[in-house]
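Trainee: Sharing a structure, written as structure tokens. Questions coming.
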Amino acid sequence: MLNVAKDDVMAWPKQVYQDYPQPATDKMDDILKPFVQKTVEVNHVLLDALSVKLGLPKDALSRRHRLDARSTCGVRCIKTPPEPEGWSEEKALFAAHSDYGSITFLHNRLGGMQVLAPGTNQWQYVKPLPGHAILNVGDSLNLLSGGLLRSNLHRVVPPPGQQFSHERWTVGYFMRPENDVPLNALVDESPLIAEAVAKTPERNFHTGETAREWSIRRFNNIRATNYKGKENWKASGGTENYKAVREAVDAGAGARVSVNA
């Protein structure tokens, strides 16, 4: 797995955070930078459309995710080898998680991603389609929208059928709010969001943290080594404490959380 921070990509050849191996540095200008720019452009179209639907000013979400502003956004490339010995349900549960960013933009040709549909304990495969990307709404958008946008619980298991014997490659972009953005429901900018928050007093949409502070806390709390059971998982903080997700964990849908969020 290779992770490259968006800020390092856009500042190249200057270094913002860290060094990277040669395969990444050799492709910063002709592959990684155009990939980041185009992905952010597409995501802004989506964010603008969502803003309108949420009763927000059109740019309310996209201006909190600017390309040139510091954030914890990043590119990830994952190579997953075949699973010749198969997999167990318990093993798959280790990877159940909700993403803590805003939008996860994924490209892959093989199946393997599964989502937990609301109100069920049954995992369902997400089928990759040619010419399409897979998008996940993350916990940050869930918070900003006052819960109107759902961050789904998902996991990755070996591909089904004949795909099982092939390597699985995934390239993704994890879009997260700018570091200084307060991670709270935008109740002052949308009557719809204000109404949604008022109707769910049991849920906390005011984190009191910036996006960077919240992301760091989430990252530290979801390290795989920290998890020994469902109670630890539910105690990790963030929107994974919401009732629907907690009930899914109680039902056995996700006893552990992986670090790949």
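Each value in this text was obtained by applying a stated rule to the coordinates, not by laboratory testing. In this text the structure is predicted, and so the values were computed from the model without any measurement. Cβ placement follows ideal geometry from the backbone for every residue including glycine, while neighbour counts extend to all protein chains displayed.
Trainee: Before we move on, is Thr200 surrounded by 17 or more Cβ atoms within 10 Å (Cβ to Cβ), among the hydroxyl-bearing types (Ser, Thr, Tyr) and more than 28 Å from Asn108 (Cβ to Cβ)?
Mentor: On the way: surrounded by 17 or more Cβ atoms within 10 Å (Cβ to Cβ): no; among the hydroxyl-bearing types (Ser, Thr, Tyr): yes; more than 28 Å from Asn108 (Cβ to Cβ): yes.
When the stated conditions are applied, Thr200 does not pass them.
Trainee: Based on this model, can you work out whether Ser51 counts as small (Gly, Ala, Ser), under 22 Å from Asp180 (Cα atoms) and within 18 Å of the chain's Cα centre (by Cα)? I'd like the intermediate steps shown before the answer.
Mentor: Working: small (Gly, Ala, Ser): yes; under 22 Å from Asp180 (Cα atoms): yes; within 18 Å of the chain's Cα centre (by Cα): no.
No.
Trainee: Here's a follow-up. So which residues in region 54-77 are touching a strand residue (DSSP E or B) at 6+ places or on another chain (Cβ under 8 Å) and either among the acidic types (Asp, Glu) or farther than 20 Å from Leu183 by Cβ (or both)? I'd like the intermediate steps shown before the answer.
Mentor: Taking region 54-77 as the starting set, the residues that turn out to be touching a strand residue (DSSP E or B) at 6+ places or on another chain (Cβ under 8 Å) are 64-66, 69-77.
Answer for region 54-77, where residues must be touching a strand residue (DSSP E or B) at 6+ places or on another chain (Cβ under 8 Å) and either among the acidic types (Asp, Glu) or farther than 20 Å from Leu183 by Cβ (or both): Val75, Arg76, Cys77.
Trainee: On to the next question. Quick check on Asn136: is it among the polar types (S, T, N, Q) and within 20 Å of Val42 (Cα to Cα)? Working first, answer last.
Mentor: Values: among the polar types (S, T, N, Q): yes; within 20 Å of Val42 (Cα to Cα): yes.
Yes, satisfied.
Trainee: Hey, another quick one. Anything in region 1-15 that is touching a residue at least 12 places away in the same chain (Cβ under 8 Å) and of a type in the set (A, V, I, L, M, F, W, C)? List them, or say none.
Mentor: The initial filter retains those residues of region 1-15 that are touching a residue at least 12 places away in the same chain (Cβ under 8 Å), namely 1-10, 12-13.
Within region 1-15, Met1, Leu2, Val4, Ala5, Val9, Met10, Trp12 qualify.
Trainee: What number of residues within region 179-195 satisfy the criterion of being surrounded by 15 or more Cβ atoms within 10 Å (Cβ to Cβ) and either of a type in the set (Lys, Arg) or more than 24 Å from Arg217 (Cβ to Cβ) (or both)?
Mentor: Taking region 179-195 and keeping what is surrounded by 15 or more Cβ atoms within 10 Å (Cβ to Cβ), we get 179, 181-187, 189-190, 192-194.
Imposing the further condition that a residue be either of a type in the set (Lys, Arg) or more than 24 Å from Arg217 (Cβ to Cβ) (or both) reduces the set to 189-190, 192, 194.
Looking only at that region, the number is 4.
Residue-by-condition table, conditions (1) without any contact (Cβ under 8 Å) to a residue 60 or more places away in the chain; (2) among the β-branched types (Val, Ile, Thr); (3) in contact with a strand residue (DSSP E or B) (Cβ under 9 Å, 6 or more places away or on another chain); (4) within 27 Å of Asp7 (Cβ to Cβ):
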| position | (1), (2), (3), (4) |
| --- | --- |
| Ser151 | no, no, yes, yes |
| Gly161 | yes, no, no, no |
| Trp169 | no, no, yes, yes |
| Asn184 | yes, no, yes, yes |
| Arg203 | yes, no, no, no |
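Trainee: Also, quick follow-up: Just to verify a result, which residue in region 1-17, among those that are over 22 Å from the mean Cα position of the chain (by Cα) and part of a loop (DSSP other than H, G, I, E, B), is farthest from Arg70 (Cα to Cα)? Reasoning before the result, please.
Mentor: Kept after step one, since they are over 22 Å from the mean Cα position of the chain (by Cα), are these residues of region 1-17: 11-16.
Okay, now just the ones that are also part of a loop (DSSP other than H, G, I, E, B), so 12-16.
On the way: Trp12: 14, Pro13: 16, Lys14: 14, Gln15: 13, Val16: 10 Å.
The extreme case among them is Pro13.
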